[in-house]
Amino acid sequence: MSENKIHIIGDNEIISMLGLLGTEGTIITEITDFMKEFNQLINNSSISMIIIAMNLPETIIDFLIDFKLNRRKPFLFILPDLFSMSEDNKDIFISKIYESIGKLLL
């Protein structure tokens, strides 16, 4: 039986903080590295949940929403930037979710 793991993708601070709880993580410093790491994680059968804790461009957010709508495993959780006062990325993600819900209801 495989072990179900949680993996975090984000910046150094959040990886270090959640690493204290024993959660594995990958520090991403360049947005271009995100998709490469993400694809490796989704192909790892022991990963059951991926926590994404970084600001992402709209194209990647669209991809992640499509991924969440079409695949059950691994579960994706987008963690908002807890240390940022900006609401910009949170609004983009929430508006994308509402658009996707509207498509499902039609």
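Looking only at the range 7-40, filter to residues that are at pLDDT below 90 and polar (S, T, N, Q); which one of those is nearest to D62 (Cα to Cα)?
Ranking the qualifying residues of the range 7-40, first place goes to T32.
Limited to the range 30-60, what total is found for residues that are within 18 Å of R72 (Cα to Cα), in contact (Cβ under 8 Å) with a residue 40 or more places away in the chain and under 15 Å from the mean Cα position of the chain (by Cα)?
Count: 6.
What number of residues within the range 30-79 satisfy the criterion of being more than 24 Å from E99 (Cα to Cα), among the β-branched types (V, I, T) and in a helix (DSSP H, G or I)?
Residues flagged as more than 24 Å from E99 (Cα to Cα), among the β-branched types (V, I, T) and in a helix (DSSP H, G or I) within the range 30-79 amount to 2.
Which of the residues belonging to the range 1-29 are in a strand (DSSP E or B) and touching a residue at least 40 places away in the same chain (Cβ under 8 Å)? Spell out how you get there, then give the answer.
Kept after step one, since they are in a strand (DSSP E or B), are these residues of the range 1-29: 5-10, 24-27.
Residues satisfying the conditions are K5, I6, H7, I8, I9, G10.
The values are calculated or read from the model by the stated rules, or taken from the named source; none is laboratory data. These numbers were taken from a predicted model, which means no experiment stands behind them. Cβ atoms come from the backbone with ideal geometry, glycine included; neighbour counts cover every protein chain shown.
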